[in-house]
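Presented below is the structure to which this report refers.
The values are calculated or read from the model by the stated rules, or taken from the named source; none is laboratory data. The shown structure was predicted, so the numbers you read here are calculated from the model rather than taken from an experiment. Counting neighbours? That spans all protein chains shown, and the Cβs are built from the backbone with ideal geometry, glycine included. What goes into the accessible areas is simple: the full protein's heavy atoms, side chains included, and nothing from ligands, DNA or RNA. Shrake-Rupley method; radii C 1.70, N 1.55, O 1.52, S 1.80 Å.
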Amino acid sequence: MKDLKGLYSALLIPFDENGEVKEEGLRQVIEHNINVSKIDGLYVNGSSGENFLLNTAQKKQIFKFVKEVVGDRVKLIAQVGSLDLNEAVELAKYATELGYDSLSAVTPFYYPLSFNEIKHYYKTIIDATDNSMILYYIPFLTGVKISLDQFAELLEDEKVIGVKYTAADFYQLERFRKRFPNKLIWSGFDEMLVQAAITGVDGAIGSTYNVNGQRSQEIFRLAKEGKVAEAYELQHEANDVIEKVLELGLYQTLKEILKVKGIDAGTCKKPMKSFDPAKLAEVEKLVKDYNL
Ligand code: HMN
């Protein structure tokens with residue numbers, strides 16, 4: 001199996017006003033990620049891809065198009081988790097046939113499910129293909145919390161190679177690292193990349209790497225080499241960017257940054273609102289000040 005460690009952009013997807021995927025724009029976003037952001041891989045159809053606003057045909061369109069454009073240039077992880085378990089299985093098979101390097105699935109959300117139900121959900125998806133699985137843990141959006149012992153049960157399956165951990169619980173992360181030295185961890189909060197790297201994660205997956213990839217690669221490298229003060233200098237810069245992006249609207253503003261750089265990153269899919277054009281000068285200043 002490929003070495004899946006490293007920094008991944010949670011791929012942004014350009015949409016038109018009708019909520020359709022802008023393929024030419026998506027091609028440009030992908031090329032920017034590979035050639036300018038210098039990421040190691042792409043996490044496709046995650047939160048940042050507005051996945052939970054899409055229908056099955058659109059999810060498949062994106063998986064197929066991304067693989068066609070990327071080929072084998074960078075690693076590809078397919079997020080297939082869905083409240084419709086049949087859809088999750090269908091997408092898992094589809095992405096595996098396309099040649100995705102691993103699957104990932106968000107914990108099922110909205111309905112308060114028991115841990116046994118969550119286990120069954122994962123087992124169903126995992127058993128459908130021979131591909132590996134990365135658990136996608138993001139409790140602040142899903143409301144689903146998993147204890148260390150429960151993680152242990154899910155990780156018993158050898159096909160579960162690790163977790164994408166989007167939580168700020170550094171105690172649990174440390175316990176996880178110690179207890180499962182052979183499993184992989186990708187950190188999900190870009191604003192805490194230094195802390196995650198020091199705690200021993202193997203990589204990171206995030207939305208802001210679409211626009212701030214090289215600086216983030218450097219943060220990760222420095223922190224891993226124990227050059228914490230230097231890593232923090234860059235994390236401060238990254239967090240200035242992230243703070244502004246969160247203030248102006250996360251995915252809208254990341255797309256706007258790409259647009260300032262000449263990339264047709266489209267708009268967000270409704271009900272997400274579009275970028276407020278009155279704020280364009282603030283984005284232009286951000287791009288200039290932080291050399292994005
Ligand atoms: C994904 O699934 O698209 C991302 O990997 C999720 C990732 O953890 C991002 N979280 C969300 O967008 C909710 C972060 O990159 C996040 O955008 C960033 O840390 C800014 O808060």
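Assigning unit charges at the beta carbon (Lys, Arg +1; Asp, Glu -1) and nothing else, what dipole magnitude in debye, to the nearest 20, does the chain show about its Cα centre? It comes to approximately 220 debye. Shape descriptor for the chain: Rg over Rh equals 0.94 (Cα atoms; Rh from the Kirkwood inverse mean 1/r).
Distance from the Cα centroid of segment 160-183 to that of segment 1-65 is 25 Å (rounded to whole angstrom).
Protein heavy-atom surface of the chain, 1.4 angstrom probe: 51% of the accessible area is carbon and sulfur, with nucleic acids and ligands not counted. For residue 282 and residue 214, what does the FRET efficiency come to when R0 = 35 Å and r is the distance between their Cβ atoms, rounded to the nearest 0.05? The formula returns an efficiency of 0.95 here.
Take 272, 1 and sort them by solvent-accessible surface of the protein heavy atoms, 1.4 Å probe, largest at the top.
Largest accessible area first, the residues go 1, 272.
Between residue 233 and residue 148, full extension at 0.36 nm per residue minus the direct alpha carbon distance yields a gain of 27.4 nm. With a ≥ b ≥ c the root eigenvalues of the C-alpha gyration tensor of segment 156-292, is it rounded (a/c under 1.5), prolate (a/b larger than b/c) or oblate? Taking the square roots of the gyration eigenvalues as a ≥ b ≥ c, segment 156-292 is prolate. Ordering of 178-191, 245-258 by packing is 245-258, 178-191, highest average first (other Cβ atoms within 10 Å, averaged per residue). Summed over the residues of the chain and divided among them, the accessible surface reaches 43 Å² per residue at a probe radius of 1.4 Å. Evaluating 6.51 cos²θ - 1.76 cosθ + 1.60 at θ = phi - 60° for every residue in segment 147-164, the Karplus couplings come out as 7, 4, 5, 5, 4, 4, 5, 5, 7, 4, 5, 4, 6, 7, 8, x, 9, 9 Hz, glycine and proline recorded as x.
A simple spin-label model places the labels of residue 171 and residue 272 3.3 nm from each other, with each point 7 Å out along Cα-to-Cβ. Assuming R0 = 35 Å, what is the FRET efficiency of residue 198 and residue 109, from their Cβ-Cβ distance, to the nearest 0.05? After rounding, the FRET efficiency stands at 0.75. Here the Karplus relation 6.51 cos²θ - 1.76 cosθ + 1.60, evaluated at θ = phi - 60°, turns the backbone of segment 20-27 into coupling constants of 9, 5, 8, 5, 5, x, 4, 4 Hz, with x for every Gly and Pro.
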